[in-house]
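Colleague: Have a look at this one before I ask anything.
Laboratory data are not the source of any read-out in this text; all were calculated from the coordinates shown. No experiment lies behind these values; they were computed from the predicted model shown. Reconstructed Cβ throughout: ideal geometry from the backbone, glycine too, with neighbour counts over all protein chains shown.
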């Protein structure tokens, strides 16, 4: 699943754990729907008839993508919309209408909040709730080596740039489709992207105590404080290669980035904190309606 789908699953689990009645509608056959059903959460395929049925008696609807946003507006319930992407809101009447008629927006970063405000959305209608990840047990004794990156078919995720940078640095990079499985054995995590709302994969790496090198783009600098909780880089292969070599040749820096990154996620970017922040949005909205 992509990062946004994991966030929906984390939120659904968190809401249920806190005694909230939450129902998920997701596309038929999607990994998210299958994962939710496997975890015995209330979930069914998304469609207008299903939405009409599932919305009976609920207090509000929370939409997590553009299609859900559009369908939810047809129901007439209070609507919270999560905005995760870094690109600007589309121009034109249909998009303007959609964004003016949602009740409230959750932006996953200050950067994303600014993209919403650039389309004349009132700041009072936007709350920043950062994405969060589960905090795994510490594994300080684990043998860690090698550089890990995401195996993604998204052309904006920089695989070709990573491969060029790795060749310049003279180090191999492994590409993973299962970060939760592979991060505990990784020596470093490399995340290069052309656009990013926040970067939940980076949060997951930091939670595992893996030092991160990430693009200085979008919401990523809100997670990665250069030289303290990770290293930031431009998307030039030579610049990335320099950061790789810097990290691998400075064991003290590598250790400090790993420890500081883990601590930052524990304090500010846990899935527990994300769930609590989202419930606060729901409750504050309820007092105003």
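Colleague: Over the chain, what is the mean sequence separation of C-alpha contacts under 8 Å (at least six apart), divided by residue count, expressed as relative contact order in percent?
Modeller: Values: 494 pairs, mean separation 46.0, N = 289.
Here the relative contact order equals 16 percent.
Colleague: Still on this model: Kindly rank 211-223, 126-138 from highest to lowest mean number of other beta carbons found within 10 Å of each residue.
Modeller: Numbers: 211-223: 23.0, 126-138: 17.8.
The packing order, highest mean first, is 211-223, 126-138.
Colleague: Continuing with this model, one more query. Would you kindly give the portion of the calculated P(r) for the chain that falls above 32 Å, as a percent of all Cα pairs?
Modeller: 28
Colleague: Another question about this same structure. Please compute one quarter of the surface area of the Cα convex hull for the range 10-51 and express it in square nanometres.
Modeller: 2.8
Colleague: Cα centroids of the range 168-243 and the range 91-155: how far apart, whole angstrom?
Modeller: Using only Cα atoms to place each centre, the spacing works out to 17 Å.
Colleague: P(r) of the range 147-268 in 10 Å steps, Cα pairs, percent per bin?
Modeller: 15, 52, 31, 1
Colleague: Give the relative contact order (percent, whole number) for the range 190-289; include only Cα pairs under 8 Å separated by 6+ residues.
Modeller: Answer for the range 190-289 is 27 percent.
Colleague: Hey, another quick one. Which three lengths, in whole Å and largest first, does the range 1-86 cover when its Cα atoms are put on their principal axes?
Modeller: Between the extreme Cα coordinates on each principal axis of the range 1-86 lie 32, 29, 24 Å.
Colleague: Given the rule -39500 (n - 2.57) for each run of at least 4 DSSP H residues, summed and divided by the residues of the chain, what is its mean residue ellipticity at 222 nm, to the nearest 500 deg cm²/dmol?
Modeller: So the helix-based figure for the chain works out to -13000 deg cm²/dmol.
Colleague: I've got another one for you. Bin width 5 Å, alpha-carbon pairs only: give the P(r) of the range 128-200 as whole percents, running from 0 to the bin holding the largest distance.
Modeller: Reading the bins upward from 0: 3, 13, 23, 23, 20, 12, 6, 1, 0.
Colleague: How high is the FRET efficiency from residue 242 to residue 283, r the C-beta distance, R0 45 Å, rounded to 0.05?
Modeller: Working: r = 47 Å, r/R0 = 1.05.
The calculated FRET efficiency here is 0.45.
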